[in-house]
Amino acid sequence: MLTHRFLHLFRQSPAIIAACCLLSAFSMAQPPVSQDQRDEVEARRIGFITNEVQLSPEEAQVFWPVYNKYRDELEALRKDRANELMSAKINFDSYTDEQVSKVIDNEFNSRQKELDIARKYNTEFKKILPVKKVAKLYRAEQLFKISLLKDMRQDKGGKPMQPPGQKN
């Protein structure tokens, strides 16, 4: 019943859709992170995925270069999208409906590009790994994100994380 109410609200208000689209893009914007922290996260990601997918040394040798290209393409797309939104300093109240509509369209176009990249690499992954390991890869990516967010929350003393720009 509650889900039905939310769907009804989404159908009734394009502004809510715009806000949700942009919130997802803004949520990707992270405070500055040191190179050491990035390296640590990347090392954890490699270990986690290797373990969860149960990659053999031979599979890992072929898999990781392809996976790294996949991640690089996604990261470049996400960084461009975040930079575009942040640099625009969007103030929807001062935008015309046409301008807001364009922002929403751009967000959906970016999401489609993300999906296109994922589909392209899904084909590549299936060429180098058994399909069950490809499925384990996608699950491992989600589990890693959950684990990373949980660790980040614990680092902040167990408090829920604040959206960017808000103070504790």
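Computed values, structure above
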quantity	calculated
Residue pairs meeting the criteria (Cβ under 8 Å; at least 6 apart or on separate chains; first part of a helix (DSSP H, G or I), in segment 51-63; second basic (Lys, Arg))	GLU52/LYS136; GLU52/ARG139; VAL53/LYS133; VAL53/LYS136; GLU59/LYS133
Odd one out for LYS79 among (1) of a type outside the set (Asp, Glu); (2) under 30 Å from LYS133 (Cβ atoms); (3) in contact with a helix residue (DSSP H, G or I) (Cβ under 6 Å, 6 or more places away or on another chain)	(3)
Residue match in segment 41-59 (condition: surrounded by 13 or more Cβ atoms within 10 Å (Cβ to Cβ) and at pLDDT below 75)	no
Residue match in segment 131-152 (condition: within 23 Å of ASP39 (Cα to Cα), at pLDDT 95 or above, in contact with a Lys or Arg (Cβ under 9 Å, 6 or more places away or on another chain) and among the acidic types (Asp, Glu))	yes
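The values are calculated or read from the model by the stated rules, or taken from the named source; none is laboratory data. None of these values were measured; they are calculated from a predicted model. Cβ: placed from backbone, ideal geometry, glycine included. Neighbour counts: every protein chain shown.
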